[in-house]
Each structure stands twice: as structure tokens, then as C-alpha cells.
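Trainee: Can you read through this structure? Questions will come right after.
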Amino acid sequence: MIKQKQIFYIVLKLTLAFTLLICQHLRADGFLYTQDTKIIDENGQEVILRGIGLGGWMLQEGYMMHTSSFANAQFQLRNKIRELVGQQNMEAFYDAWLINHVQQEDIDSLASWGFNSVRLPMHYNLYTLPIEEEPAPGLNTWLDKGFMLTDSLLSWCAKNNMYLILDLHAAPGGQGYEAGISDYDETKPSLWESELNRAKTVALWQKLAQRYADEPWIGGYDLINETNWNLPGNSMLKTLYQDITSAIRLVDSSHIIFIEGNWFANDFNGLTPPWDDNMVYSFHKYWSHNNQSSISWMLDIRNRYNVPIWCGEAGENSNHWFTDAIRLLENNKIGWAWWPLKKIESISGPLSINKSAGYQRLLDYWQGLASKPTVDYSVNALMELADSAKLENCIYHKDVIDAMMRQPHSNERIKFKENQIPGILFATDYDLGKHDYAYWDSNIADYHVSTGEYTAWNNGWTYRNDGVDIEPCDDSELNNGFNVGWTEQNEWLGYTIDVSKADSFAVSIRIAANADDGMIALIIDGQPSIPPASIPATGGWQIWQTIDLENIYLSPGQHDLKLEIVESGFNINYLEFRALNTGASGDSYKSKALHLFQNYPNPVQNSTTIQYWLKESAKVVLTLYNINGQKIKDLFSGTPDEELNYFVLNKHTLASGIYFIQLKSNGHQATRKLLILQ
């Protein structure tokens, strides 16, 4: 009997173990969960979260609204708006803002750009009343607005097979001294100074978990964003986290729980080891170097406790920094959520909300720089701002998306705009790509957390988010709205150009300069095509002048053009390429066995390009003669690989005068006259 019982219990244990193993692999269809140091899906496949935070939607941070100097926290801005337009109009603005700022088009776009997740920064006051407004202490009055907004967002994510991670960005009372992040009001008890606020936080998470327990496209619960409060040993933070975890697990056993450290997410003292078997530690990464040592402390936590880690926030830097950071994270199998999708007049986010003249007038008034606008004017300005938050009214920064989604995995340069030759090539429309592949600039990112010194990566703060300095352009003759400025020695810009037909081209550049110290050069397909040319003073940084450069020959097709700053000190609007119609573009020569085009430029002051065409591959000899018919030298002797070929002749020691170029091949020949000037 004893042996039978022992066998029974052994079989039972094996059955339970096998059942548990099966359940782990079939765990709640579609749900994410943790397995050792990985986040995996229901099929056991590792998932690298590539997400973005919807900052500014449910919680307006001062810097996003351009109000930091007088209203860093959202409650302060609400008060300013209420004083200006009244309670009813203020509420109408915020309703419009919530409706417009995030819509299905935003989530559809994120999916099309390559994101697989969204992080929702929630303000608690959209889901429940503040404790001071409750009818009785300890009562939790639930509000429909926040839950309905979350339901809609979840449905859009589900349609796109994207995970939604809920992030309590503003907890009851506020979780940090930095008011802009959590809407903390220092005149009221914070999260850490009020048991009622902590109890409400626990209750809110249980309510959320109960509502979304069976939703597979909920990626998890990010319990509290960026606590920044003096909490010795983080014991109070851990206790609250554990209370929230217990409350969630009473109603939801499936979803991942994300835990952030104190002091802006990165102090995990006292918060280890994990207390739940489906938990992830979330850190934030801003303005630091992107090397292995910058994340080694989090890798140590992952390895020591066999737990996944996630970068829940990063961003607010240059494209170069984005590319390096994402490559670093993904090389270490760490998912990420960038910050944010959109804000007012942003170049570092995918979308930028236009700041209208009306809203600027409100900002000026609040800062004491303008008289008080009327209620009607103010309401119109606010509603215009809310309408501007719609995706279709935002400026899309494809360079930011390219830096995040393509460049971490590719060194290839691709076109930013179609640059057709002949035509105008705006300096700001250089190719998309990494630093030192598509452009080179002296300052390319901000690393002040690592270096202690802030570096502006873009002095103009407009149009594009690379290190290239771009500013608004006032050239009345022609502009695309922007010019490259703050040029420095050895900086360069790369362009892919498409030449419609072979020809020689007159090249000019539109510049503005305070002094005549500048110098520029053009390099095509890796070969110097226009030697360094001096840039004269024009009388100011927005006083524009056209400078003619030397003519160049371009064969049809695609070419690589590099605009190099040899000596700094000027602004660049555009380059212009005008076809000179030298005959190289015609087709009549193709009936001949060979054709020698007129050299360009002619007369020759420094160098000239000699182009010739062969109907069939054969040996050719290209020879230079003086005016008396005496041979000076063979410029080329051999069998070219192409039909169209060219040779660059530098005058060097050749004296001024008339010369002849002769092309010979298979009994055929052609001659052209060449003039050299000193």
C-alpha cells in the first residue's frame, strides 16, 4: 500500500509538472510572458518590444507645451487656461485634445513604420477622482473617460497586432518632486505622504487589471513611472509595488508586471530580487554614451536574477544617438519604448504639432509679453492647437523613423528627396543615413549624463534631427524654407543625384556669409569634380548671393555627390545644375564607330573633362597635341569597359595656348580643339 501511494504521488507530481510545462507553452493565447531573461509570446518565441510612448496625450508635460517657465505641471496649465477662458471652455479644449492627439491613424502609422508596441502614459485623474474630491475618505469613484480612451487605443493596437503597455505616469498625489512628469502639486499630499493616495493607486491597478485581464494585446502593466522621491532604501516603493502586484494577481494571473526603479527609473536598490514570476525590470536611458558599459548595470541585474529587462523610455536626442542606442539595446536583446510620438514644434519625434500664431500669443500673454487676449480669441487658439494635434495636421519626420527602424541595421544611404539634374538641389535635402555615411558634422548628439556637459547637436532645431545645423531661410529668390548653417571645417553632406542625360553642367551655389573666409568643394563618385572654391562675404547670414563654380560633366544615371566644407563660415541654400547642351546629350553620334565630345570647361583654367563614346569595345588611344601638331603625350591607351568614358586633364605645366585632342580606334579617329588659359 505504501509503495502504491508512493507511486501514485510520483505519477501525480510528474503529471502536474507535465501539465505545468504544457500550460507554460499554451499560456493564455496571444499573451506575452517571461521565461528566464526573455519576454516571449505564446509560441515560446522571443519578442523584442519596439515601441513608442504617447507622451503629452493624457498628461501634458510643460516642455511639450512650451509652458515650462510658468506652468511645468499640467494642473498649472489647466489653471492658466481656466482663468483665461473659463471652466467650460477649458474642459472643451481638453476633450478636443484627448480626441485628436491619439487616433487610429496614429496607431496605424506606427505599425506601418515598424513598431510592435505602444506605451500609454496614464494620468490617474482620467480614471478616478483625486482623494480630496471623493465624497468620503477611502472611496474610489471611477470615471469612464480614461477607461474608454484606453479601450479605443487597445482596439486600434489589436487591429495592428501591437502590444499596449499601460504606464501609470501620474499616480494619485504625484510620485516625484519633478512636477512636470507626474503632475505633482506640492500644496497637496504626494503619493508617498498619503496612505489614501497609495490605496487609490492599488485600487486603480486592480480595476485596470480586472478590466483587461483577458486581453492578449495588453503587453503588461508598468506600475509607476519615474518615481523621484527620497525613499530610504526604497522600502516604501517596494511595499507599494508588492501591494499592487498582489492586487493585480487576485484578478489577473497572465500579464507581465514592469517595475521601474526610483530616481527616474534607474535606482533598483532594495527592489530585487523579483517577487513575481512574470516580472520585468524597466530602466530609462537618456543623454548617455551608447556603449556596453552604459547598460552593464542593468545587464548585471538581468543575469544575477534571471529576469528580463526593458528600456521603457529613451529619446529626446539626435538621430545619431537614436541609431546607436537602439543598435546597442537590440544587440543585447533588450526591447525599448521611445519618447514621445509627438509634441509641439519637435524635430526629435516622428511627429511635430504646429505652434500657431494664436497659441504663441497665449504663451506671450502668460509670460507677461503681451496684453490679455479676448475669450473668443483664446478659445479659437486653443481649439486650433487641439486640431493641429491630429496626425494629418502634424509634420512627419521620416528622418527620425529611418534613424530608429532602418539605420541601426544598415549603413546604406538612401534618398531623402529626389534630386534631379539639371535642376535645384537644396542643401538641406541630403540623403538619409548614419553619421559618416550620409553626412559628417562636428556635434552629433547630447551625452551630458556621461560627460557632464550639454552639447547642442542641432543649432537650428528645425526640419531634420541629424547633427547638421538647419535654420529657417529668408532667401527671397528661392528657398524650400530652410538652409544649412553653422558650417564648420571638414563637415560634409552627401546626396544621391539622378542625371537625366549626359552633358556638361554649369554649377552655381547660393550662399550667405559674414566674412570671406569660406571655401567649398564638390566630389562626385569619390572623385574631386570642382576644386575648392572661395566663398565671398555677402554682408550677412541671410543676405544671399549666387556664386558660379566650375562646369562639370555628368554621365546619365545615378551619382554620389558630396558637398564638402573646406573652410567654414557661410550658410548654404542650394546648388543649381544648368545643362550647357554641349552635344553630349544627343543620340546622333551613336551611328558612328566613335565620338569625341567637346571638352568642358573650354577654355581650361585648372582642369577639364574629355568625354568619348565607342560603339563597340576596342582599344583606343587618346592623345594631346600642340598647335603645331607635335605630340605632347598619350592621355590614355587601352580598352575601356564602358561605351561612354571620360578623362580628366589637369593643365599642370601646360602653357597657355591652343591644343588638340585626338581619339583613335580601329582606323577611326576624331579631333577636338582645346584652349588653355593661365
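Trainee: Evaluate the Debye formula for segment 317-384 with equal point scatterers sitting on the alpha carbons, no solvent, and hand back log10 of I(q)/I(0) at q = 0.12, 0.16, 0.17 Å⁻¹, in q order, two decimals.
Mentor: For segment 317-384 at q = 0.12, 0.16, 0.17 Å⁻¹, log10 I(q)/I(0) is -0.51, -0.67, -0.71.
Trainee: Now for a different question. Just how far, in whole angstrom, is segment 102-119 from segment 644-664 if you go by their alpha carbon centroids?
Mentor: 59
Trainee: As a footprinting exposure proxy, order Thr37, Thr451 by other Cβ within 10 Å, with the fewest listed first. Write down the numbers at each step before the final one.
Mentor: Working: Thr37 17, Thr451 12.
Lowest count first: Thr451, Thr37.
Trainee: Please work out the C-alpha center-to-center distance from segment 148-205 to segment 50-89 and express it in whole Å.
Mentor: 16
Trainee: Ok, one more. Using the Cα atoms of segment 526-675 to build a convex hull, what is its mean projected area in square nanometres?
Mentor: 10.8
Trainee: Sort all Cα-Cα distances of segment 588-676 into consecutive 10 angstrom bins from zero, then give the percent of pairs in each bin up to the one containing the longest distance.
Mentor: 17, 54, 26, 4
Trainee: Which label belongs to the value computed from this structure, given these candidates for Rg and Dmax of the Cα atoms in Å: [x] 32.6, 123; [y] 25.8, 103; [z] 27.0, 89?
Mentor: [x]
Trainee: Scaled to the compact-protein estimate 2.2 N^0.38 Å, what is the alpha-carbon radius of gyration of segment 543-585, rounded to two decimal places?
Mentor: Compactness ratio reported: 1.45.
Trainee: Separate question: How much length, in nm to one decimal, is gained on full extension between Gln35 and Ile627, taken as 0.36 nm per residue of separation minus their Cα-Cα distance?
Mentor: Values: separation 592, 0.36 × 592 = 213.12 nm, distance 8.40 nm.
That works out to 204.7 nm of additional length.
Trainee: Pairs of Cα atoms under 8 Å, at least six residues apart: use those to get the relative contact order of the chain, whole percent.
Mentor: Numbers: 1489 pairs, mean separation 62.2, N = 678.
The normalised contact order for the chain reaches 9 percent.
Trainee: Tell me, Asp151, Asp431, Asp441, Asp376 in order of fewest to most beta-carbon neighbours within 10 Å?
Mentor: Values: Asp151 13, Asp431 20, Asp441 24, Asp376 10.
With the fewest neighbours first, Asp151, Asp431, Asp441, Asp376 line up as Asp376, Asp151, Asp431, Asp441.
Trainee: Please compute P(r) over all alpha-carbon pairs of segment 132-253, binned at 10 Å starting from zero, and give each bin as a whole-number percent.
Mentor: Pairs per bin, as whole percents: 12, 41, 35, 11, 1.
Trainee: Please give the peptides 217-226, 552-561 ranked by average Cβ packing (other Cβ atoms within 10 Å per residue), highest first, as a rough proxy for protection.
Mentor: 217-226, 552-561
Trainee: Order these by the 10 Å Cβ neighbour count, fewest first: Tyr437, Tyr33.
Mentor: Least crowded to most crowded, the residues run Tyr437, Tyr33.
Trainee: Using +1 at the Cβ of each Lys and Arg and -1 at the Cβ of each Asp and Glu in segment 28-156, identify which of Pro137, Leu59, Ile39 lies farthest towards the dipole's positive end.
Mentor: Leu59
Trainee: Moving to a separate point now. What are the ³J(HN,Hα) couplings of segment 392-407, residue after residue, when phi is run through the Karplus curve with 6.51, -1.76, 1.60 and θ = phi - 60°? Round to Hz, x for glycine and proline.
Mentor: Result, rounded to whole Hz: 5, 9, 8, 8, 8, 9, 5, 5, 5, 4, 4, 5, 8, 9, 9, 5.
Trainee: Next question. Could you order peptides 200-212, 653-665, 597-609 by the average number of other Cβ atoms within 10 Å of their residues, highest first?
Mentor: Put in order of decreasing packing, that is 200-212, 597-609, 653-665.
Trainee: Looking at the chain, send over the antiparallel percent of its DSSP beta bridges, to the nearest 5. Present the calculation step by step, with values, prior to reporting the outcome.
Mentor: Values: 87 of 128 bridges.
Antiparallel bridges: around 70 percent, rounded to the nearest 5.
Trainee: Moving to a separate point now. Residue by residue, what Karplus-based ³J(HN,Hα) values in Hz, rounded to whole numbers, does segment 549-558 have, using 6.51, -1.76 and 1.60 with θ = phi - 60° and x for Gly and Pro?
Mentor: 9, 6, 6, 9, 9, 9, 7, x, x, 9
Trainee: With everything on Cα atoms, drop me the angle between helix 319-331 and the longest principal axis of the chain, reported from 0 to 90° to the nearest 10.
Mentor: Tilt of helix 319-331: around 60 degrees.
Trainee: How far is the Cα center of segment 514-550 from the Cα center of segment 253-268, in Å?
Mentor: Cα centroid of segment 514-550 versus Cα centroid of segment 253-268: 54 Å apart.
Trainee: Give me the one-decimal nm value for the distance between modelled label points at Ser500 and His409, 7 Å along each residue's Cα-to-Cβ direction.
Mentor: 3.7
Rule-based calculations on the coordinates, nothing more; no lab input. All values derive from a computational prediction rather than experimental measurement. Don't worry about glycine lacking a Cβ; one is built from the backbone with ideal geometry, like all the others, and counts go over all protein chains shown.
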